[in-house]
Each structure stands twice: as structure tokens, then as C-alpha cells.
1. So what's the gap between the Cα centers of segment 157-223 and segment 317-331, to the nearest angstrom?
2. Go through segment 172-188 residue by residue and turn each phi into a ³J(HN,Hα) via Karplus (6.51, -1.76, 1.60, θ = phi - 60°); whole Hz please, and just put x for glycine and proline.
3. Quick check: at a probe of 1.4 Å, how many percent of the accessible area of segment 306-416 sits on carbon and sulfur atoms?
4. Could you tell me the ratio Rg/Rh of segment 351-444? Both radii from Cα atoms, Rh via Kirkwood.
5. Under the rule that a partner needs its Cβ under 4.7 Å from the first Cβ, which Cys of the chain have none?
6. Within the P(r) computed for segment 332-406, what percentage of the Cα pairs occupies the region above 18 Å?
7. Determine the calculated [θ] at 222 nm for the chain from helices alone, applying -39500 (n - 2.57) to every DSSP H run no shorter than 4 residues and normalising by the residue count; nearest 500 deg cm²/dmol.
8. Which percent of the Cα-Cα distances in segment 194-294 go past 22 Å?
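The values are calculated or read from the model by the stated rules, or taken from the named source; none is laboratory data. Being a predicted model, the structure only gives us computed values, none of them experimental. Note that each Cβ is placed from the backbone with ideal geometry, even for glycine, and that neighbours are counted across all protein chains shown. Just so you know, the surface numbers come from the protein's heavy atoms only, side chains and all, with ligands and any DNA or RNA stripped out. Shrake-Rupley method; radii C 1.70, N 1.55, O 1.52, S 1.80 Å.
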Amino acid sequence: MGEDAESPKVNHTFLRDYVTEADVISTVEFNQTGDLLATGDKGGRVVIFQRETESKGESEETGETGDSGEYNVYSTFQSHEPDFDYLKSLEIEEKINKIRWLPQQNAAHFLLSTNDKTIKLWKVSERDKRPEGYNLKDEEGRLKDISTITSLNVPVLKPTDLMVEVRPRRVFANGHTYHINSISVNSDGETYLSADDLRINMWHLDITDRSFNIVDIKPANMEDLTEVITAAEFHPQHCHLFVYSSSKGTLRLCDMRASALCDRHTKLFEEPEDPGSRSFFSEIISSVSDVKFSHSGRYLLTRDYLTAKVWDLNMDKGPVETYQVHEYLRSKLCALYENDCIFDKFECVWNSSDSVIMTGAYNSFFRMFDRETGRGVTLEAWRESSKPRAVLRTRRVYTGGKRRRGDVGVDSLDFSKKILHMAWHPSENIIAIAATNNLYIFQDRVNAEGQ
């Protein structure tokens, strides 16, 4: 699958050869149709890309299907600004932690964006007409003298250049004491959850001044704290179910029908630990950095530091599938602890049919695993592969045995080039990969044409 994947004609804009902290992409998310793609960065900006469909003439010239187009910048706006908590004397970063699209109800699009403390609802709409012929205003918008008006005109809409307007519709503040790590829109289309280290709140999209606390794991004495919440997500079909993961590597499925406060979970998913393999780093590398429901709602996909795991909702004794992402780093954990890389939080995603999973690694590598065969492939997001119709090349990390040409040694890996954030198109084999300040979009053209 990976060897056949090619990049479409993507309008890549590489701002600089050096990376400024504000330009580093911190989240990537497709909307429900896949026609829009939003990215957030550490500078508090949100950039929305729109998929351009190719015309019939262009398709015939290139010999490609007409439904595959490039993603171009649609709108850019400043979502969050740096803030200061005067009560705690703490700076609040503008970094965008998560973006989530709401299901489209009309011509406009809505999305939620959050930094560490404040969630905002944005409306994205188009305007290609403007009204003319006001009775009380002149052409420059100034009010007329009523005594000069001798007749009434019917205002008309005149075509104008397309404008994309992004406006804040709601600001959901003061709901979290600790840093927000997750937001998830409910399938009912009216509510969403937000999670921080110790609490999960549920909000109504129309009510900004209060939220309902549905999980609270804060102990009476903070010295008794043994774990924190790392991610949370609603079930894609059942509005009463949600799951949250912890730094201890556990997953808790909660049912809001059973109790308003879901401190008592419905199911606990945990893998028994092998006492013989326990080390100083065991608890750190077992912390779950991301959890995602499959599109079918039957499975859960999680990512810890070294592995990606698939869990069946009907089997809570352990994962049904475990994939080694970069097992070769196990011998390097001491060095990774010293440079803080061991605390990196990698995301994981499903493809549209839940048959393939994808997650990130170091050295600009990302990995795909075919669930049917169990085979994995390592691919690289680099500038040469961003050229139109360039084939994504598979890579291999050399760990012993016969060394092939092009293999990368473990000691040669660049740990500053990490693939943490990614997204998969909801219905097609198109993936978006964030590599520091660069966004790569790749498409599996062979499979797309064979469908």
C-alpha cells in the first residue's frame, strides 16, 4: 500500500529552512466530507485548506480521475492569543491543542479550537454577493439626511469577489483548572466534551457560561495522585458512551445512562503487565497518548510510546492486536529520557474502512499497519516526496542482520524530526502529515483509480 502511494499536486508552502516555534503545527483535522482540512500551530493560528476539484479538461490532460484535486489555502485566522492567569501567575500559551469540526448543517462550516484553557467555536462562511441600493445609506455607508429621500428603492444583491469570513460564535472559558488535552463532538450534534489532566466536562454548544462535570479523578490530597487523563473521545454512534485514557495505560469506557458522574466506569481495558520486563521506564512508556474509536464503533485504537494497540469493546482483558512502532528504541530509553523525547505524545488514526492504522515516529518516519495481514510499512515525509506524482519510498531502520542499501541506523535517527500529528481522509486514501512546520498531503492514486 505504501509503495503505491503518491502525492497529489499539493500547494506546499515552506516558509523557511529554519523552524520558528510559532510555526510548528500542533494539530491536523479533516472535516466530515474531507473537502476541508484544518491545521493549528503553536502560534495560535488556524489554517484551513480546501480541496479543489479538477476540471474535466485538466483530468484528460493528466490522465487522472476528476475527483482528485489539490488542497489550497482557503482561510487563515488567529484563533488564540497569549494570555495570563493572574490568580496563579501563569502564562497561558496560544498553542492550538485540538481542532474538531462540527457536522455541517447548512452552507456554513463550524469548528471548535482549543488551547490549554479556552475553547472557541468558529463559523466559516462564504460571501460572493453584496447588497446595494440602500434607502438610508449612501454608497460609502454613511447615513443620508432623511429630508433628502424622495423615493424608496428595493435593495438588490450584486455579485462580488468571493470572501471567506471566519467569525467567533462562542467562547467557552473558565471550565478547566488544568491543561485541556482533548475535545470531542458528540454524535447528537448538540454537545461536546473537553478533558484536562483530572476532569472531563460536557458542554452544550449554545451555552458558554456553564458545563457539566462528568469525570473527576482529582484526589482529596494531591499527594495521592497516581494517574492523569491523557485523551478522551465520544463514541461515533452512541451519544451516551465515551472513553478516556490514562497515564497508567488504561482505558475506561463510560456510559452516561448509568450515572451522571461517570467516576465509575462501565468497562476497564487494561493489559496485564509482565513483572519480568518491568523497569524504571515502564510506567512512562505505557502512558496512552491518544485514543480513537473506529468508524464502526466496535474497536478502540490507542498509542503508547512504543506500540499501537487495537482493543475490542467486547473484550476488556487485553488488546486484540499489538503493533510495534519502533521497538528498536527500547535500548535507547535512557537517552530518550534525558532529552525528554520519551514524553512525546504521538497520535494514531484509522483509515476509512478501519482496515489500516497509521501513527508517527522519528526521523520524519510514519508507520502504517495492515490489520488483515499484520504487516507494517515505514514511510518518510520529506521534501522530495512533496513533488507532484513522486512515489513515497519505504524506509527501514537497521537493527541487525544483513544491511540493505538505504537502511537507517538507530544511532543515525534524527529525534528532532518527529511526526506527532496526522489525519486520514474520512472516505478516501488521502493522508495529512504534520512534520514540524510543514504539512504533507499524500494520496494513494493506484487504489483510488481502481475503485
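1. With segment 157-223 and segment 317-331 each reduced to a Cα centre, they are spaced 33 Å.
2. Per residue, the Karplus-derived 3J(HN,Hα) values read 9, 10, 6, x, 9, 7, 10, 6, 6, 10, 8, 9, 8, 7, 6, 5, 6 Hz.
3. Numbers: 2570 of 5560 Å².
Within segment 306-416, the accessible surface is 46 percent carbon and sulfur.
4. That ratio is 0.96, to two decimals.
5. By the Cβ distance rule, which asks for a partner under 4.7 Å, the isolated cysteines are 239, 334, 341, 348.
6. Result for the distance tail: 57 percent.
7. Values: 4 runs with 24 residues, N = 451.
Helices in the chain give a 222 nm mean residue ellipticity of -1000 deg cm²/dmol.
8. Details: 1742 of 5050 pairs.
Taking all Cα-Cα pairs of segment 194-294, the fraction more than 22 Å apart is 34 percent.
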